[in-house]
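The values are calculated or read from the model by the stated rules, or taken from the named source; none is laboratory data. Remember, predicted model here, so these are calculated numbers, not experimental data. Methodologically, a virtual Cβ is constructed for each residue, glycine included, from the backbone with ideal geometry; neighbour enumeration extends over all protein chains shown.
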2 protein chains.
Amino acid sequence: MDKEALFQKFVAFTTAVHEVTYELTKDIKPDDITPVQYSILEYIAVSQPVTLSQISDCKDISMPNTSREIKKLTEKNLCEKFNVAEDRRKQLIRLSKAGQTMMNGAFQRIGGRFAERIKDVSIEQLEDIERALDMLQSKVFYDGK
Amino acid sequence: MDKEALFQKFVAFTTAVHEVTYELTKDIKPDDITPVQYSILEYIAVSQPVTLSQISDCKDISMPNTSREIKKLTEKNLCEKFNVAEDRRKQLIRLSKAGQTMMNGAFQRIGGRFAERIKDVSIEQLEDIERALDMLQSKVFYDGK
DNA sequence: ATATTTTGTTATCAAATGATAAGTAAAGGG
DNA sequence: CCCTTTACTTATCATTTGATAACAAAATAT
């Protein structure tokens, strides 16, 4: 087993994943929010409710800049802050009704494109795919922190 | 087979791939070039020689902006242009000696991190991984253009 | 031969992002 | 009770990136 060759394959694979992700999410984001803002909304959507610090850590954006972007998103009525009783320094963030609707629509369209992409794959192959995703995620693409 | 569940798994997987890519390439880029410049150099490294138009297409950067960044990279002595005899409008780009050295070093360090990541995986599992990468790339992460 | 298309350049400009300093308010530790 | 740390905010600035217009030169089409 040639580890060098596997690394080559790994690089080609991750490049392909990035390209497909780009294709699937292309033109999904509304024009009135920036790419960074959209990626923050994605994160909130899957992890809500989250604190400012969590967003800052996970998206690698400094606290001041996170605060600024959340403020803009709040002003656009896409998310809302609420206080947490136990620790009054913290602010939990969740999507607003409008934000939830927007992100639901986005995920729906991405899901449609994904379905289109795998439309010719047989049931058995879909199961192979599912197993392969699980296996790779546990052996290679695990969270190493 | 629940396609909705598969989509969920797909989203989690691509997120994991992006995070691992981030971890592997973190702090690899020299400080004196910008992220976009580094990504252009990566592309040149694996596809050289390339034309300006190819970079513009593949990296989704407008021609004027591609021209500007290539100019900066050339000034930093990381890549060089040369003319192609058949079509004198075209300019082929390749890494300079210094650029090649820089990118070799970068890939080496990324490869080392990758090796660390899979160090506990058995030979048989490495073969499973290789097959899974091939299969997913052909069935899911293919280039749909 | 002339018009059009392709390939790339230069020059601006605006917007998005990143970085830093200074501040507030609450929590926690001694 | 004071001191330190945590969580977040506000303000400001520099850099990076994206977008557009106007141009030139070579190739190709009519």
**Request:** Starting from residues that are surrounded by 11 or more Cβ atoms within 10 Å (Cβ to Cβ) and modelled with pLDDT under 95, keep the ones in region B:84-94 and report whichever is farthest from DNA strand C (Cβ to nearest atom).
**Result:** B:VAL84
**Request:** Quick one: which residue in A:THR101, A:THR66, A:THR74 is within 16 Å of A:VAL36 (Cα to Cα) and away from DNA strand C (no atom under 14 Å from the Cβ)?
**Result:** A:THR74
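Scan region B:36-54 for residues that are within 8 Å of DNA strand C (Cβ to nearest atom) and of a type outside the set (S, T, N, Q) and jot them down. Break it down into steps so the answer makes sense when it comes.
From region B:36-54, those within 8 Å of DNA strand C (Cβ to nearest atom) are B:51-54; that's our starting set.
B:LEU52, the sole residue that qualifies.
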**Prompt:** Listed residues B:THR74, B:THR66; which is part of a helix (DSSP H, G or I), touching a strand residue (DSSP E or B) at 6+ places or on another chain (Cβ under 9 Å) and not acidic (Asp, Glu)?
**Reply:** B:THR74
**Members of region A:73-111 found to be free of Cβ contacts under 8 Å to residues at least 60 places away in the same chain and aromatic (Phe, Trp, Tyr), listed by number** = A:PHE82
**Complete:** For region B:96-145, the count of residues that are over 13 Å from A:ALA132 (Cβ atoms), hydroxyl-bearing (Ser, Thr, Tyr) and exposed (fewer than 13 other Cβ atoms within 10 Å of the Cβ) equals 2
**Prompt:** How many residues are under 21 Å from the mean Cα position of the chain (by Cα) and either within 8 Å of chain A (Cβ to nearest Cβ) or at pLDDT below 95 (or both) when one looks only at region B:117-138?
**Reply:** 10
**Fill in**
Reported set for region B:1-52 where residues are within 7 Å of another protein chain (Cβ to nearest Cβ), part of a helix (DSSP H, G or I) and over 30 Å from B:LEU92 (Cβ atoms) is B:LYS3, B:LEU6, B:PHE7, B:LYS9, B:PHE10, B:PHE13, B:THR14, B:ALA16, B:VAL17, B:GLU19, B:VAL20, B:GLU23
**Prompt:** Any idea which residue in region A:79-122 is farthest from DNA strand D (Cβ to nearest atom), counting only those that are in a helix (DSSP H, G or I) and of a type in the set (A, V, I, L, M)?
**Reply:** A:ALA115
**Request:** Enumerate the pairs (first residue in region A:22-51 and of a type in the set (Lys, Arg); second residue anywhere and part of a helix (DSSP H, G or I) and within 12 Å of DNA strand D (Cβ to nearest atom)) with beta-carbon separation below 7 Å, excluding pairs fewer than 6 apart on the same chain, so at least 6 apart or on different chains.
**Result:** A:LYS29/A:PRO35
**Asked** Can you tell me which residue in region B:54-78 is farthest from DNA strand D (Cβ to nearest atom), limited to those that are among the β-branched types (Val, Ile, Thr) and away from chain A (no Cβ under 14 Å)?
**Response** B:THR74
**Prompt:** Hey, does region B:100-113 have a residue that's among the small types (Gly, Ala, Ser) and away from chain A (no Cβ under 14 Å)?
**Reply:** yes
**Prompt:** Quick one: how many residues across region A:53-63 are outside any helix (DSSP H, G or I) and crowded, with 16+ Cβ neighbours inside 10 Å?
**Reply:** 1
